[in-house]
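Contents: one structure, followed by commentary.
The values are calculated or read from the model by the stated rules, or taken from the named source; none is laboratory data. Note that the coordinates shown come from a computational prediction; the quantities given were computed from them, not determined experimentally. Ideal geometry is used to build each Cβ from the backbone, glycine not excepted, and the neighbour counts take in all protein chains shown. Areas reflect the complete protein model, heavy atoms only, side chains present, ligands, DNA and RNA absent. Shrake-Rupley method; radii C 1.70, N 1.55, O 1.52, S 1.80 Å.
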Amino acid sequence: MGEDTLGGTLAIKAEGLSLGYAGSGKPVRVLSDVDLTVEKGEFLTILGPSGCGKSTFLRAVADLLPPIAGHLWVLGKAVSEARQRREVAFVFQEPTLLPWRTARQNIALPLQVGKGSVSRSVNPRTDHWLDLVGLSQLGDRYPHQLSGGQRQRVSIARALQCEPDVLLMDEPFGALDEITRDRLNDELLAIWRETRTTVLFVTHSISEAIYLGGRVLVLAANPGRVQALIDLASLKDDNGAPRREGPDVQETAAKLRQLLRVGGA
Ligand SMILES: Nc1ncnc2c1ncn2[C@@H]1O[C@H](COP(=O)(O)OP(=O)(O)O)[C@@H](O)[C@H]1O
Ligand SMILES: [Mg+2]
């Protein structure tokens, strides 16, 4: 996680950014005029009605989708450069593990497919990442021998082993039961504190967005755009620990619920 020369303290900067998809005719615009800066080390959660462009935004940050208009920098560089330097990692809702590989082998995989690393078949740090996500005893299991939550832990470990400066998470816990999700929320925050990686975390859950985020970005649909950007610092304890309860937490949840209702129209 070296210092970059251009970016200073910014992980993400979007300026007048518009995103969309090429249809049969001209591109269909999904998100328009996004202006956003995210500091290095921030935990930004992203809420918005279904189809407003949350995944599309993460795809652009990961250099999987070129902008229609405007500018997007990751760590002060073009997104393509950040991707080539493997500074950005992605965790999806469905853990995309290879079924014929053990948890440990799945975590080691990106090193093997990465450029210039064909000869390195074993990552000596793999066990470190297994340990960090609480799976040190289960490294030799295959995906079908793991629970949904454990599989998602493997996916997170696989993303972390690239030691990304920016970690993109697209509803990673959306398919899990609430208790597992709460536990993974705490584990993720512990990992975030340890690694200081910048996290962009998309969720459908207002309470998860409040609990995890230092700020929450609210997107609106039709047309897709930034609706609000809300600082959540006042909702943390004095020592920075997040809270799930409290009148101020409820108040923010109600405000977000209202924003989502308006923005979904
Ligand atoms: N590959 C694609 N081609 C064309 N349209 C797409 C594609 N992927 C997503 N879309 C459209 O872009 C919009 C935003 O999608 P998405 O970013 O996945 O929304 P969200 O993640 O907020 O639910 C939706 O209307 C969706 O239908
Ligand atoms: Mg999505």
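Just to be sure I understand: with springs between alpha-carbon atoms less than 10 Å apart, which residue in 172, 124, 95 has the highest mean-square fluctuation in the Gaussian network model of the chain?
Ranking 172, 124, 95 by mean-square fluctuation puts 124 first.
Wrap a convex hull around the Cα atoms of the range 112-265, take a quarter of its surface area, and give that in square nanometres.
That works out to 11.4 nm².
Taking the mean number of other Cβ atoms within 10 Å as a proxy for protection, how do you rank 205-216, 229-240 from highest to lowest? Can you show the working numbers first?
Details: 205-216: 21.4, 229-240: 11.8.
The densest-packed peptide leads the list: 205-216, 229-240.
Of 212, 224, 254, whose Cα points farthest to the positive end of the dipole of the chain (charges on the beta-carbon: +1 Lys, Arg; -1 Asp, Glu; origin at the Cα centre)?
Checked the options; the winner is 224.
Given charges of +1 on the Cβ of Lys and Arg and -1 on the Cβ of Asp and Glu, with all other atoms neutral, how large is the dipole of the chain about its Cα centre, in debye to the nearest 20?
The dipole of the chain has a size of about 800 debye.
Quick check: residue separation of residue 194 and residue 182 times 0.36 nm, minus the Cα distance between them. What number comes out in nm?
Full extension from residue 194 to residue 182 adds 2.4 nm.
Output ³J(HN,Hα) for the range 15-31: one whole-Hz value per residue in order, computed from phi by the Karplus curve 6.51 cos²θ - 1.76 cosθ + 1.60 with θ = phi - 60°, and x for Gly and Pro.
9, x, 6, 10, 10, x, 10, 6, x, 6, x, 7, x, 8, 6, 10, 10
Which listed residue (175, 22, 134) has the Cα farthest towards the positive end of the charge dipole for the chain, taking +1 on Lys and Arg C-beta and -1 on Asp and Glu C-beta about the Cα centre?
Highest projection toward the positive end goes to 22.
Amide H to amide H under 5 Å from residue 215: which residues, 5+ apart in sequence or cross-chain, H placed 1.01 Å off N in plane?
Placed amide hydrogens put 43, 45, 232 under 5 Å from residue 215.
List the residues whose amide H sits under 5 Å from the amide H of residue 225, counting only those 5 or more places along or on another chain, with H placed 1.01 Å from N in the peptide plane.
32, 220
Can you give me the C-alpha center-to-center distance between the range 14-53 and the range 182-206, rounded to a whole angstrom?
Cα centroid of the range 14-53 versus Cα centroid of the range 182-206: 21 Å apart.
Per residue, how many Å² of accessible area does the chain show with a 1.4 Å probe?
Per residue, the chain has an accessible area of 48 Å².
Would you list the membrane-span-like helices of the chain, meaning whole DSSP H runs whose alpha-carbon atoms span at least 20 Å along their axis and whose mean Kyte-Doolittle value is at least -0.5?
247-263
Nearest-5 percent of antiparallel DSSP beta bridges in the chain? Write down the numbers at each step before the final one.
Working: 21 of 39 bridges.
The antiparallel proportion sits near 55 percent.
For the chain, with all protein chains present and a 1.4 Å probe, just round the carbon and sulfur fraction of the accessible area to a whole percent.
C and S fraction of accessible area: 51 percent.
If you take the beta carbon distance between residue 33 and residue 163 as r and set R0 to 51 Å, what does 1/(1 + (r/R0)^6) give as a FRET efficiency, to the nearest 0.05? Before the final figure, lay out each step's value.
Details: r = 33 Å, r/R0 = 0.65.
The pair residue 33/residue 163 has a calculated efficiency of 0.95.
Measuring from the lowest to the highest alpha carbon on each principal axis, how far does the chain reach, largest first, in angstroms?
48, 46, 38
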